[in-house]
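Report on the structure given below.
Derivation of every value follows stated rules applied to the coordinates shown; laboratory data play no part. Being a predicted model, the structure only gives us computed values, none of them experimental. Note that each Cβ is placed from the backbone with ideal geometry, even for glycine, and that neighbours are counted across all protein chains shown.
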Amino acid sequence: MHWTLKSLIVMVLGGTGNFIGTFVGGILLGATESATAFFISGNYRQVVGLILFLLILIFRPQGLFGVKER
C-alpha cells in the first residue's frame, strides 16, 4: 500500500485536524497490522487494516477523536 493512502487512513481514523487522534490512529493501525502479520499472515495485514478503517467509518464517521458537527 502506498504511503499516501496509509497516511490518509491514519488521518481519518483519528479525526481530521486532531493531532492526538492522528497519533492514536497511527498506533492503532500499526498495531493491528503487526498483530495480523504475526498471528495470521503477512499477506492479510493490509486487508485487516482496511477492514478496521471501514468499521470505524461505519460506526464513527467523524473518526476516533473527531467532534460531531451539528
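List of remarks:
- Test: residue in the range 3-11 that is in contact (Cβ under 8 Å) with a residue 24 or more places away in the chain and surrounded by fewer than 16 Cβ atoms within 10 Å (Cβ to Cβ): no
- Residue-level check: of (1) touching a residue at least 24 places away in the same chain (Cβ under 8 Å); (2) surrounded by fewer than 17 Cβ atoms within 10 Å (Cβ to Cβ), residue 15 misses just (2).
- The range 18-70 - residue that is small (Gly, Ala, Ser) and touching a residue at least 24 places away in the same chain (Cβ under 8 Å) and, of those, surrounded by the fewest Cβ atoms within 10 Å (Cβ to Cβ): 66
- Restricting attention to the range 6-22, the residues that are in a helix (DSSP H, G or I), of a type outside the set (Phe, Trp, Tyr) and over 14 Å from residue 52 (Cα atoms) add up to 4.
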